[in-house]
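Working notes for the structure below.
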Amino acid sequence: MAAEMARLTGGAMDVETIARAAAIIRAGGLVAFPTETVYGLGAHALDADAVARIFEAKGRPAGDPVIVHVADIEAVHALAASVPTSARLLMSAFWPGPLTVIVARGPAVPLRVTAGGETVAIRMPAHPVALALLRAAGVPIAAPSANRFSRPSPTTADDVAEDLGDRVDMILDGGASTHGVESTVVDCTKDEPIVLRPGAITLEALRGVFPGIVMRASAVKDTAASLASPGTLLKHYAPRAEVRLWTGPPETLTAAVQRDIEAQLAVGRRVGALLVDEDRRVVEGQPVEVVSLGSLQHLDEAAARLFAAMRTLDRAGVDVIVTRDLGRAGLGLTIWDRLFRAAEGRVLESK
Ligand code: TXA
Ligand code: MG
């Protein structure tokens, strides 16, 4: 059965809609809801059977733990065995917002949530609908991104319906997500906090709190690492089309992308180009589906458009998506990480 799609308008009716969604959560059902990063697929985090339904609906392997969402910082104490200073500092600097902390699991958190592990991921989202749902439910909500496993994360309610429309009880439509990429995940269980997944909070912003913070070495793999261990990369955030990801010096990158587009067209493939405004001339006059992420000067917009762009190109039925590195500073690193995974770790280098 198709899920009820409930549009939130900011009016008085929303209270009633949120109350119904909260009742579904408390009863062990699944509600997809907007957050400022991407849409989440929510269930009662302290109800192991409800959490099991998330894995079933997504087709997600049981070994991949999910994030628990909370309405306020105090709620963390009921979920964590202990809250280290690093987590406290990060929560006060970035919550509510797109930052997930990993802390030691408290006994209330089912092992279903943590994939059997003794740590738990927690975040307080900033989206008003997510916060209203959490408050109305009165329980923490476990929620991965509301996509089918390995598909690009959803940034609109329609994206959720496309992947999970007949597998959830209700979809709350709160419009397009502002960040468009997931939260930054920081492990706070060691002496020094370490970034496990780059996300909407940049490494530079984290360094405002922890000047020495680094990424886990395997979090963003480079070309060499991907060649050293082919096939070990989890297929993730991937459109159906093959992704051809180009990197290299600015002087040669655009020309390489242009040659590749021509070569793909020459062998009869339907080509999608996932580029930036600055690249427009490389596709001029070519029979190519082009989606621009906007300007290189506005990586926040590029991030917001990234997953939607992959879905647009898939809907256009292209065989291949040619795309390129947007740099590694700020959100560039997060965008690189998602493109790298979408390309299943294959990187092409311009010379
Ligand atoms: O922005 C977001 O974080 C979104 C919205 C819905 O909040 N959620 C999200 O969830 O992206 P998901 O499940 O798609 O990604 C969660 C990430 C995964 O990479 C997972 O492996 C990691 O967090 N994670 C969860 N619990 C963990 C834990 N205990 N230790 C290490 N990594 C963990
Ligand atoms: Mg996800």
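Figure legend: label point modelled 7 angstrom from the Cα of Ala205 along Cα→Cβ; residues of segment 327-351 with amide N under 15 Å from it are 329-335.
Tell me whether segment 114-175 comes out rounded, prolate or oblate; compute the Cα gyration tensor, take square roots of the eigenvalues as a ≥ b ≥ c, and use a/c under 1.5 as the rounded threshold. Taking the square roots of the gyration eigenvalues as a ≥ b ≥ c, segment 114-175 is oblate. Modelled label positions at Ala316 and Glu118, each set 7 Å beyond Cα in the direction of Cβ, lie 5.1 nm from each other. Pull out a ≥ b ≥ c, the square roots of the eigenvalues of the alpha-carbon gyration tensor of the chain, then state rounded if a/c is under 1.5, prolate if not and a/b is larger than b/c, and oblate in the remaining case. Taking the square roots of the gyration eigenvalues as a ≥ b ≥ c, the chain is prolate. Averaged over residues, the count of other Cβ atoms within 10 Å places the peptides 268-278, 135-145, 4-14 in the sequence 135-145, 268-278, 4-14, highest first. Counting 0.36 nm for each residue step from Ser82 to Asp166 and taking away their Cα separation leaves a gain of 26.4 nm.
Let me test this: with uniform point scatterers at the alpha carbons of segment 12-155, what is the Debye-based log₁₀ I(q)/I(0) at q = 0.09, 0.14, 0.17, 0.21 1/Å? Results for segment 12-155 at q = 0.09, 0.14, 0.17, 0.21 Å⁻¹ read -0.24, -0.59, -0.89, -1.36. How would segment 253-329 be classified by its alpha-carbon gyration tensor: rounded, prolate or oblate, with rounded meaning a/c under 1.5 and the a/b versus b/c comparison settling the rest? It is oblate, given that a/c is not under 1.5 and a/b is not larger than b/c.
Rounded to the nearest 500, the helix-only mean residue ellipticity at 222 nm of the chain stands at -9500 deg cm²/dmol, with each DSSP H run of n ≥ 4 adding -39,500 (n - 2.57).
How high is the FRET efficiency between Asp277 and Val214 when r is their beta carbon distance and R₀ equals 30 Å, given to the nearest 0.05? E between Asp277 and Val214, to the nearest 0.05, is 0.40. The long axis of helix 13-26 is offset from the longest Cα principal axis of the chain by roughly 80 degrees.
Spin-label model, Ile73 to Ser92: label points 7 Å out along the Cα-to-beta-carbon direction sit 0.6 nm apart. The angle between the Cα long axis of helix 128-137 and the main principal axis of the chain comes to about 30°, on a 0 to 90 degree scale. Would you please state which residues of segment 294-320 a label at Leu348 would reach in this model, taking the label point 7 Å out along Cα→Cβ and a backbone N cut-off of under 14 Å? Correct set: 319-320.
None of the figures in this text is laboratory data; all of them are computed from the coordinates on show. The structure displayed is predicted, hence computed values, not measured ones. As a convention, Cβ positions derive from the backbone with ideal geometry for all residues, glycine included, and neighbour counts pool all protein chains shown.
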